Amino acid sequence: MTTPQELAQRWDAQQTAYVRHRAERFATIARVVARICADTASPRVLDLAGGFGSLGLAVIEQLPQARLVIADKDPVLLAIGNDLTRDRPEVEVVDVDLDDPDWHQHPVIAAEPFDAVVSSTALHWLQPEILTAVYWRLGELVRPGGIVLNGDNLAYDEHSEPTLHRITAEDDQAVQQAAFEAGTDTWDDWWKAAESVPEYADAAELRGRRWGASLHTPPPKVTLGFHQEALRSAGFREVGTVWRHLDDHVVYAVR
Ligand SMILES: C[S@@+](CC[C@H](N)C(=O)[O-])C[C@H]1O[C@@H](n2cnc3c(N)ncnc32)[C@H](O)[C@@H]1O
C-alpha cells in the first residue's frame, strides 16, 4: 500500500520538477512568517489552495505554538492532508472552493483573524475577478500587521517580454527533463498513483465530478502588477516582492 507520507514525498518531488527553487521559495516564506509572528504567542496561519499543506506544514515547523488551517477544494489532496495530520490537533484541513464567493465564511476560516496567509503554485489558476475577490477577503481575514505571501509562477508575456518568456520556458524544460530522467513523477504519473490507492477511490471519483472540464483549462494570464494592485486595493498597506527567480515570485502584502 502507498502511504500518505509516500504520496506526500512524491508530490513534493513532482512539484519541484516544475518549480526549480520550490524549497527556497518555501524557506523564504517560512522565514518571513516567523519574523511577522515573533511576538505572537500562538500564531494562526492559513495555507490557501494548500493541497495537503506542503507549504503550511513547512511554515509551522518554524513556529512551535502555531495553528494551521489548510484550505483546498481537491478531494484527494484534502484526504491526504487529513491522513497526514490526523494526530496533530493544531492543524485543520478544510474543504473550500475559492470560486465560491462565501468561501471565507467557512466556520474554521472565519473563527479568528490570521497572522499569515501563505500560498504556493495555486492562485495563478484563479480567474482575475476571483483572484481580486480572494485578496479582498484576505484584507478582512488578516489581522493588522499580518501578512499574505504568495509564491507563484507569474508568466512573462510571450509578445511583450519574448526574451524572458523563452529563457524561462527553456529553464523549465531543462529542470523537468532532468527530474523525469531521474525517475521523478510527472504530474500525470503522480495523479495516477494517488488515484489508484484504494483508500482514496471515493475521493478520486469526487475529484473527477468536482473539477469536471476545468481540470484541463489553462490558467489565465495575470501579471505581477495585477496581483500587487489587487492586494493594494484590498487594503494592504505595504505590497511588493520578497523573492524571485525568473517568473517565480513570492509576492507579499502587509495589512
Ligand atoms: C499545483 S497545486 C499546489 C498545491 C500546494 N499549494 C503545493 O504547493 O503543494 C494547486 C492547488 O490549487 C488548488 N486550487 C485550485 N483552484 C482552487 C480553488 N478554486 N479553490 C481551492 N483550491 C484550489 C488545487 O486543488 C491544488 O491543490
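Of Thr16, Ala71, Val45, which is farthest on the positive side of the dipole of the chain, counting Cα position, with +1 on Lys and Arg Cβ, -1 on Asp and Glu Cβ, and the Cα centre as origin?
Final value for the positive-end residue is Val45.
With label points built 7 Å along Cα→Cβ from the Cα atoms of Ala174 and Asp189, find their separation and express it in nm.
Placing both labels 7 Å along Cα→Cβ, they lie 2.1 nm apart.
In Å and from the alpha-carbon atoms only, list the Rg and Dmax of the chain.
Final numbers for Rg and Dmax: 17.6, 50 Å.
Identify, among Leu126, Val254, Gln62, the residue whose Cα sits farthest towards the positive end of the charge dipole of the chain, taking +1 on the Cβ of Lys and Arg and -1 on the Cβ of Asp and Glu, with the dipole about the Cα centre.
Highest projection toward the positive end goes to Val254.
Residues of the stretch 1-19 with the amide nitrogen closer than 17 Å to a label point 7 Å from the Cα of Ala182, along Cα-to-Cβ, please.
Of the residues in the stretch 1-19, 9-19 have backbone N under 17 Å from the label point off Ala182.
Return the whole-Å distance between the Cα centroid of the stretch 225-239 and the Cα centroid of the stretch 89-161.
The stretch 225-239 and the stretch 89-161 have Cα centres spaced 13 Å from each other.
With the crude spin-label approximation of a point 7 Å out along Cα→Cβ, what separation in nm comes out for Asp95 versus Ile167?
The two pseudo-label positions are separated by 4.6 nm.
So what J values fall out for the stretch 240-247 if you push phi through Karplus, 6.51 cos²θ - 1.76 cosθ + 1.60 with θ = phi - 60°, rounded to Hz, Gly and Pro as x?
x, 10, 7, 7, 7, 9, 6, 8
Report the full-extension gain for the segment Ala13 to Thr40: residue separation times 0.36 nm, less the Cα-Cα distance, to one decimal in nm.
Using 0.36 nm per residue and subtracting the Cα-Cα distance, I get 6.5 nm.
In whole Hz and in residue order, list the ³J(HN,Hα) couplings for the stretch 107-115 that follow from phi through the Karplus curve 6.51 cos²θ - 1.76 cosθ + 1.60, θ = phi - 60°; x for Gly and Pro.
3J(HN,Hα) across the stretch 107-115, in whole Hz: x, 6, 6, 7, 4, 7, x, 9, 7.
Set the Förster radius R0 to 30 Å, insert the Cβ-Cβ distance between Ser196 and Arg86 as r into 1/(1 + (r/R0)^6), and round the FRET efficiency to 0.05.
Computed FRET efficiency for Ser196 and Arg86: 0.85.
Quick one: putting +1 on the C-beta of Lys and Arg, -1 on the C-beta of Asp and Glu, what dipole do you get for the stretch 1-113 around its Cα centre, in Debye to the nearest 20?
With Lys and Arg at +1 and Asp and Glu at -1, about 540 debye.
Please name whichever of Val142, Trp190, Gly225 sits farthest to the positive end of the charge dipole of the stretch 119-225, dipole taken about the Cα centre and charges placed at Cβ: Lys and Arg +1, Asp and Glu -1.
Positive-most Cα among the choices belongs to Val142.
Charges only on Cβ, +1 for Lys and Arg, -1 for Asp and Glu: so what's the dipole of the stretch 4-254 about the Cα centre, in debye to the nearest 20?
Rounded to the nearest 20 debye, it is 640 debye.
Can you tell me which of 93-101, 106-114 comes out highest on packing, and rank the rest after it, using the mean Cβ neighbours within 10 Å?
The packing order, highest mean first, is 93-101, 106-114.
Under a Cβ-only charge scheme (Lys and Arg +1, Asp and Glu -1), can you give me the dipole magnitude of the stretch 110-255 about the Cα centre, in debye to the nearest 20?
Result for the stretch 110-255 is approximately 660 debye, rounded to the nearest 20.
Hey, can you grab everything whose amide H is under 5 Å from the amide H of Val91? Only 5+ residues off in sequence or another chain; H modelled, so Pro and N-termini drop out.
Counting only residues 5 or more places away or on other chains, the set is Leu68.
Mind giving me the nanometre distance, one decimal, between the label points for Leu215 and Thr241, set 7 Å out from Cα along Cα→Cβ?
3.4
Every number here is computed from the coordinates shown, using simple stated rules; none is lab data. Fair warning: this is a prediction, and the values are worked out from it, not measured in the lab. Neighbour counts run over all protein chains shown; Cβ positions are idealised from the backbone, glycine included.
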